[in-house]
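Single-structure report; data block below.
The values are calculated or read from the model by the stated rules, or taken from the named source; none is laboratory data. Since the structure is predicted, the reported quantities are computational estimates derived from the model, not experimental observations. When we count neighbours, we look across all protein chains shown, and the Cβ atoms used for this are built from the backbone with ideal geometry, even at glycine. These area figures cover heavy atoms from the full protein model, side chains too; ligands, DNA and RNA do not enter into them. Shrake-Rupley method; radii C 1.70, N 1.55, O 1.52, S 1.80 Å.
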Amino acid sequence: MAGSRFPYVALAPLVGANARLGLEDNLYLSCGRLGTNAQLARRVVEILERIRILVMSPDEMCEKLALKVS
């Protein structure tokens, strides 16, 4: 799909960056198929796990960053 951000999802952790996702970054799950934030998140996790990148849960990330959840 032209303009897909998914290749950058795989590249980001390989160069020390974080994968970014959301409808503000990418509207499409596949060519011509609009996605939801939840669908995009699942796709990002799937991509990263396939290349053996550890994906933290939101709770794990909050703990790692010492964030207080209200």
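Counting only helical runs of four or more DSSP H residues, what would the 222 nm mean residue ellipticity of the chain come to if each run contributes -39,500 (n - 2.57) and the total is spread over all its residues? Per the formula, -12500 deg cm²/dmol. Computed extension gain for Arg42 through Leu11, at 0.36 nm per residue and net of the alpha carbon distance, reaches 9.5 nm. Roughly what angle does helix 37-50 make with the longest principal axis of the chain, taking Cα atoms, 0 to 90 degrees, to the nearest 10? Its long axis makes an angle of about 80 degrees. Relative contact order, whole percent, for the chain stands at 25, derived from Cα pairs under 8 Å and 6 or more residues apart. Note on the chain: Kirkwood hydrodynamic radius from all Cα pairs is 13.1 Å, rounded to one decimal. Taking the 1.4 Å solvent-accessible surface of the chain as the whole, the part contributed by carbon and sulfur is 57%.
Put simply, the amide H of Tyr28, placed in the peptide plane, has neighbours under 5 Å in Gly35, leaving out anything fewer than 5 places away on its chain. A full extension of the chain between Ser4 and Glu49 corresponds to an added length of 14.3 nm, given 0.36 nm per residue minus the alpha carbon distance. Packing here is the average count of other Cβ atoms within 10 Å per residue, and on that basis the peptides 38-51, 55-68, highest first, run 38-51, 55-68.
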